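The values are calculated or read from the model by the stated rules, or taken from the named source; none is laboratory data. All values derive from a computational prediction rather than experimental measurement. No Cβ is skipped: glycine too gets one built from the backbone with ideal geometry, and neighbour counts run over all protein chains shown.
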Amino acid sequence: MHLIRRNRILRQSPAIRAMVAETILRPADFIAPLFITEGTGVREEISSMQGYYRMSIDNTLHEVKELWSLGIKSVLLFIKCNDELKDNKGTEALNPNGLMQRSIRAIKSAYPDVVVMTDVALDPFSTFGHDGIVEGNEIVNDPTVEVLAQMSVSHAQAGADIVAPSDMMDGRILAIREALEANGHTKTGIMAYSAKYASCFYGPFRDALDSAPGFGDKKTYQMDYANRVEAIKETLMDIEEGADIVMVKPAMAYLDIIREVRNSVDVPVSAYHVSGEYAMIKAAAKMGWLDENKAIIESLTSIKRAGADLIATYFAKDAAKLMA
Ligand code: PBG
């Protein structure tokens, strides 16, 4: 054969492949989600997320230190609210001494450089496990948005760098931005879960926080996974309303959406590699059907290649260690 172009030339050795690799993961790409629970010395494995733990604040601080030493700059906080504090209106979410607010203060005072992001939604605080206030069988939009805006201000007051509304109510980004401005929080960022789909892949997360919806599902607020154009509409609206970072969630089954959003916006795009995606790799690896380390790096590289600038992933620490 006399070929003019031989594509295998650039694949022939690890050195050449490294030289021409188009997508390079960095630890700073990762956002590490953390599940925080009351108590001291607590480190409980989440049964549906093997190798991932709910921790009390003291252990969370050790974890944050380790993440930082691996080059991971940001954490995304979720708290497990005690049942007796739950109600329909998310009252506990606004408690200045609530678990979330105490966690933010503890992390920012021990590690002021770490970027602390906080989940803003009612589900961990809701007796119904829904992201908003329930009236009859409905998750009502406008009263929920008022609480989300107050919750964001409360997180900012405690020291959060970025609030991350994950609720998918209409108009919440503008309401949050206005509330932050009104309260002098001009340096607080908003990472909007803009294209968040109603997905079965959140199952293990709801176990972690004991936040499964008590009735119905989340399809009246989270997006239909059949839709693509709608993701762009949601994302552009969130940017107009003041979002600093937009998110697509989940990640692996939504790589087309990540790419399309990346091509449509001029802000950083994040993707959430969710609990079910973590659990699938863990389960297959446990069965001996997948090489876990290879599956982690290939998955995260694919999400970045699709267009994600940031990736929220339960594999943040593992991946950073593998990359070191
Ligand atoms: C709730 C919330 C969910 C996740 C992040 N915030 C679950 C849901 O919408 O039911 C999912 C994260 C994951 O599965 O890893 N506001």
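Can you confirm whether segment 92-111 contains a residue that is touching a residue at least 12 places away in the same chain (Cβ under 8 Å), within 12 Å of the ligand (Cβ to nearest atom), closer than 22 Å to R43 by Cα and in contact with a helix residue (DSSP H, G or I) (Cβ under 9 Å, 6 or more places away or on another chain)? Within segment 92-111 (the criterion being touching a residue at least 12 places away in the same chain (Cβ under 8 Å), within 12 Å of the ligand (Cβ to nearest atom), closer than 22 Å to R43 by Cα and in contact with a helix residue (DSSP H, G or I) (Cβ under 9 Å, 6 or more places away or on another chain)), the answer is no, since none of the residues qualifies. If you go through segment 129-188 and keep only what is surrounded by fewer than 21 Cβ atoms within 10 Å (Cβ to Cβ) and basic (K, R), you end up with R177, K187.
Exactly one residue among S166, S126, S154 is in contact (Cβ under 8 Å) with a residue 40 or more places away in the chain, polar (S, T, N, Q) and over 26 Å from K73 (Cβ atoms), and that residue is S126.
Among the residues of segment 225-242, those that are within 19 Å of the chain's Cα centre (by Cα) and part of a loop (DSSP other than H, G, I, E, B) comprise Y225, G242. Scanning segment 76-91 for residues that are without any contact (Cβ under 8 Å) to a residue 40 or more places away in the chain and not charged (D, E, K, R) gives a single hit, T91. Restricted to segment 270-324, the set of helices (runs of 4 or more DSSP H) holding at least 1 residues that are within 16 Å of T23 (Cα to Cα) and either out of contact with any helix residue (DSSP H, G or I) (no Cβ under 6 Å at 6 or more places or on another chain) or within 14 Å of the ligand (Cβ to nearest atom) (or both) comprises 292-306, 316-323.
When segment 78-122 is filtered for residues that are among the hydroxyl-bearing types (S, T, Y) and either surrounded by 19 or more Cβ atoms within 10 Å (Cβ to Cβ) or in contact with an Asp or Glu (Cβ under 6 Å, 6 or more places away or on another chain) (or both), the ones remaining, listed by number, are S103, T118.
Which of the residues spanning segment 298-313 are free of Cβ contacts under 8 Å to residues at least 60 places away in the same chain and surrounded by fewer than 17 Cβ atoms within 10 Å (Cβ to Cβ)? Outline the logic, then answer.
In the first step, residues of segment 298-313 are kept if they are free of Cβ contacts under 8 Å to residues at least 60 places away in the same chain; the result is 298-299, 302-303, 306-307.
Across segment 298-313, the qualifying residues are E298, S302.
To keep it simple, each residue is scored yes or no on (1) buried (at least 16 other Cβ atoms within 10 Å of the Cβ); (2) at pLDDT 95 or above; (3) small (G, A, S).
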position	(1), (2), (3)
G216	no, no, yes
M223	yes, yes, no
A226	no, yes, yes
H273	yes, yes, no
I281	yes, yes, no
I296	yes, yes, no
F315	yes, yes, no
